[in-house]
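Undergrad: Okay, handing you the structure first.
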Amino acid sequence: MRASLALSRMLLACAVLAGCAKNVDARVAGSDDAAIDALSLRLEELRTRDAGNDATCADRCALGRSTCELAEELCALVERHPDRTDLPPRCAQAQEQCAGARNACARCGP
């Protein structure tokens, strides 16, 4: 009888522990790294497209807006990791690209 009571308590304890909600942080540095890499690649694609001289002013301004939006996203991800010294230069580079794209838009205006 004692064995079955002990077994019952053990099963109850296992059921309770297994059923408890676990508070787990869903953010993983690896996923932020992947997102930063993806944004960097998209910025590189925009930089390559911007190098063409056949773009209209509307194209250049749209490209500038897209570039700055991506730069903001990238920098927001970088800010989530203040302990990482390798990430701030990537944000700075993205901000410089944004500024350059905005200047290209402004230069080609009327």
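Undergrad: Condition (residue is open to solvent by less than 40 Å² (accessible area, probe 1.4 Å), in contact with a Lys or Arg (Cβ under 8 Å, 6 or more places away or on another chain) and on the phi < 0 side of the Ramachandran plot) applied to region 80-95: is it met by at least one residue?
TA: No: region 80-95 contains no residue that is open to solvent by less than 40 Å² (accessible area, probe 1.4 Å), in contact with a Lys or Arg (Cβ under 8 Å, 6 or more places away or on another chain) and on the phi < 0 side of the Ramachandran plot.
Undergrad: I'd like to check something: does region 46-59 contain any residue that is polar (S, T, N, Q), within 20 Å of ARG90 (Cβ to Cβ) and touching a helix residue (DSSP H, G or I) at 6+ places or on another chain (Cβ under 6 Å)?
TA: No - not one qualifying residue is present in region 46-59.
Undergrad: Now for a different question. From the set of residues in region 41-56 that are in a helix (DSSP H, G or I) and farther than 13 Å from ARG102 by Cβ, which is least open to solvent (accessible area, probe 1.4 Å)?
TA: Ranking the qualifying residues of region 41-56, first place goes to LEU43.
The values are calculated or read from the model by the stated rules, or taken from the named source; none is laboratory data. Bear in mind the structure is a predicted one, so any value in this text is a computation, not a measurement. Neighbour counts run over all protein chains shown; Cβ positions are idealised from the backbone, glycine included. Heavy atoms of the whole protein, side chains included, go into the accessibility calculation; ligands, DNA and RNA do not. Shrake-Rupley method; radii C 1.70, N 1.55, O 1.52, S 1.80 Å.
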